[in-house]
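J.: Following this message is one structure expressed as C-alpha cells.
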Amino acid sequence: MLKESALSPADAVYRATIPAGDYWMHVVKAGQTLRIVDSDGNQAADTLFYAAADPAERYSASDTIREQGNVYLGVGSVLMSQDCNPMLEIVADTVGRHDTLGGACATESNTVRYALDKKTMHACRDSYLLALAENDQYGLTKRDLAHNINFFMNVPITSEGGLTFADGMSGPGKYVEMRALMDVIVLISNCPQLNNPCNAYNPTPVEVLVWGE
Ligand SMILES: [Zn+2]
C-alpha cells in the first residue's frame, strides 16, 4: 500500500544527506518521525536499529516477519526487537517494497556472488564496522551487527523459494517514513555496492529527515 506523508520538510527538526557509500548513525526519540528519502532513486539503505536505553536490544528480522506474517515491509509494518517489543512503525511509504531478507553486502559475499577480485571493494559491512568504531559511546561491537533492513531494495522471492536481486521499484524522491515507538539508535549504511542492480550499479545519496521533539 502506498501512502504519502502529511509532514512538510520545512518543519523537520533535523535534515542530513548521507553521501553515496557513507554511513549515518543517530538517535531518534520516541514519538519522533524519521523519513529516509531515495534522493536519486534505485539506492539501497541498509538499516539497523538499537534500543537507545539498552543497545543489546535491537531490530529483529525474524520477530518482525513472524508478527506481521509478511517478509516485505510497508505501511503498518511494526519493526520488532528480539525481545518482541515494538521499536518503530512505518507510517508512510511511496515505494511499496522494502526487503527484510537480503542482508548487507560484505567483502566476503562480494567474492562468493561476483568474483574473487571484488574482495577489496567497499561494502556495507565495512561501513557498519567503521560506524561502530567511530561512535564507541554506544558500546556497540561487531557482535551487535545483526540482520538489517534494506529500505528501497527489491529482493523478490521466487516461486521456488529462492531470492533474486531485481531492479528497484523505488525512484527519485521516493521515501519511507516511520515513527519511533522507543528511543532508537539508527545506523544506516548507504550501500556502496557496484556489482548488482540494487542501486543501479551507481550509488547515490540518501536524505534523512526527523520531525517532532
Ligand atoms: Zn551494501
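J.: Cut-off 10 angstrom, C-alpha nodes, Gaussian network model of the chain. Which of 161, 96, 139 fluctuates the most?
T.: 161
J.: Just want the answer: with Cβ charges of +1 for Lys and Arg and -1 for Asp and Glu, which residue in 18, 120, 186 is farthest toward the dipole's positive end in the chain?
T.: My answer, from the dipole projection, is 120.
J.: DSSP loop GluC sites (Glu not before Pro) in segment 51-160 with at most 16 other Cβ atoms within 10 Å of their Cβ, which ones?
T.: Sparse-neighbourhood loop GluC sites (Glu not before Pro): 160.
J.: Just the Cα atoms of the chain: what Rg and Dmax do they give in Å?
T.: 16.0, 48
J.: Find the Rg to Rh ratio for segment 148-210, where Rh is the Kirkwood radius over alpha-carbon pairs and Rg uses the same atoms.
T.: A ratio of 1.00.
J.: Taking only Cα atoms and a 10 Å spring cutoff, compute GNM fluctuations for the chain and point out the largest among 64, 164, 100.
T.: Comparing 64, 164, 100 in the GNM, the peak value goes to 164.
J.: If you average the C-alpha positions of segment 90-124 and of segment 147-166 separately, how far apart do those two centres end up, in angstrom?
T.: When both Cα centres are located, 10 Å separates them.
J.: Could you name the lysines in cross-link range of residue 3, using Cα to Cα under 19 Å and dropping any fewer than eight places away on the same chain?
T.: 174
J.: Could you line up 99, 144, 46 from fewest to most neighbouring Cβ atoms inside 10 Å?
T.: 144, 99, 46
J.: Mind sorting 39, 159 by how few other Cβ atoms lie within 10 Å of their own Cβ, fewest first?
T.: Taking fewest neighbouring Cβ atoms as first place, the list is 159, 39.
Each reported figure results from applying straightforward, stated rules to the coordinates on display, with no laboratory input. Everything numeric in this text was worked out from a predicted model, so none of it was measured. Reconstructed Cβ throughout: ideal geometry from the backbone, glycine too, with neighbour counts over all protein chains shown.
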